[in-house]
Structure formats: structure tokens, C-alpha cells
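See structure below.
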């Protein structure tokens with residue numbers, strides 16, 4: 001994959017968009033009672049992330065963990081969809097541990113590309129559209145779930161049936177076209 005070169009203003013805007021996206025993703029209401037404010041995470045604190053290429057390198061392991069779980073839910077996948085198994089380590093349940101820093105799975109590269117696309121859509125397009133819900137910052141934001149709706153491959157869009165229930169075979173009003181001479 002060829003690196004993208006950005007001008008300083010574009011890079012700053014992209015970083016700002018990523019920061020806003022990340023803050024909104026982290027600041028969402030918890031989905032489970034065990035993640036309620038003030039509650040302890042049901043797991044050991046996540047180690048500091050390694051090999052972050054799109055997400056800010058200043059994120060903690062728990063922040064990255066929370067973001068990844070939100071994305072997994074929006075895509076209807078598990079962690080091993082993007083992250084390769086580490087053949088040298090096993091989890092306490094006997095399943096292979098994952099090597100989160102490994103870049104060998106193409107799905108991880110796709111995820112990074114899709115995150116960049118989402119950030120660009122939010123920064124360059126949706127942020128410029130007036131919303132009836134301006135008091136809700138996320139009303140104009142797109143996320144993985146906007147298209148994927150819980151599926152790895154976004155479901156096909158099926159347009160609603162035509163709302164014009166009167167179908168005419170000729171011009172409007174039932175008039176016949178003029179005869180040609």
C-alpha cells in the first residue's frame with residue numbers, strides 16, 4: 001500500500017477528525033452493565049498498544065480495546081477476523097492468543113483503509129451538511145455500522161418500491177401523442 005502524503009493543513013484536519021471520532025467512540029454510553037461508569041473492566045488492563053498506524057499513538061490499551069470491540073459489534077465479527085493468531089501463546093481457555101501488532105492479515109489493512117475513508121467522509125462531507133440534530137454531534141457522523149449494519153460485508157441496498165402507484169403507458173393525463181405526418 002502506497003503511503004498517502006498530506007499537506008500540513010490536511011494532516012492537521014485529518015488528525016482533528018480522528019481525534020473527534022476517537023473521543024466520540026470512547027465517550028459513548030456503555031452497552032453492558034459491567035462497563036457502567038465507575039465499574040471495573042471485566043478484564044485485566046490492556047497492555048499499551050503497539051503498531052498503531054491510523055489510530056492516535058497516545059491511546060491507552062483499554063481505549064483501543066473499547067474501540068475495537070465497538071467496531072467488531074458494528075461489523076458482526078470477532079477479533080480474529082483482523083488479528084492473526086500467535087502460535088507461541090495460548091489463552092487460559094486453550095484458544096490461541098492473538099498477535100494484535102501483526103500486520104499479516106489483509107483484513108487488518110482493509111480496516112485501516114476503511115477507517116481512513118470514514119474519517120474522510122466525516123471531515124470532508126458530513127461535517128458540511130446541515131443537520132436537524134445539530135445538538136447531537138454524532139447525528140452527522142458515519143461509522144462502520146452506518147453501512148455494515150452488523151455484517152462483515154455490507155448488506156446490499158434494496159431501494160423501496162416506487163411510490164407512484166398510478167402507472168401510465170402514455171403521456172400524462174391519458175393524452176395520445178400527436179400523429180406524425
Compute the distance in nm between two label points, each set 7 Å from the Cα along the Cα-to-Cβ direction, one at residue 156 and one at residue 60.
-> 4.6
Measure off 7 Å from each Cα along the Cα-to-Cβ vector at residue 69 and residue 107, then give the distance between these two points in nanometres to one decimal.
-> 1.9
Inter-label distance for residue 97 and residue 46, nm, one decimal - labels placed 7 Å from Cα along Cα-to-Cβ = 1.6
Give the residues of region 95-124 whose amide nitrogen is closer than 12 Å to a point set 7 Å from the Cα of residue 142 in the direction of its Cβ.
-> 114-124
In this structure, the FRET efficiency calculated for residue 149 and residue 53 from their beta-carbon separation, with R0 = 25 Å, to the nearest 0.05, is 0.40
Hey, what's the Cα Rg ratio for region 46-151 versus the globular rule of thumb, 2.2 N^0.38 Å?
-> 1.23
Ranked from highest to lowest mean number of other Cβ atoms within 10 Å per residue, what is the order of the peptides 99-106, 61-68?
-> 61-68, 99-106
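FYI, it's all coordinate maths here, none of it is from the lab. Please read these numbers as outputs of a predicted model, since none were measured by experiment. Using ideal geometry, Cβ is built from the backbone for each residue, glycine included, and neighbour counts are taken over all protein chains shown.
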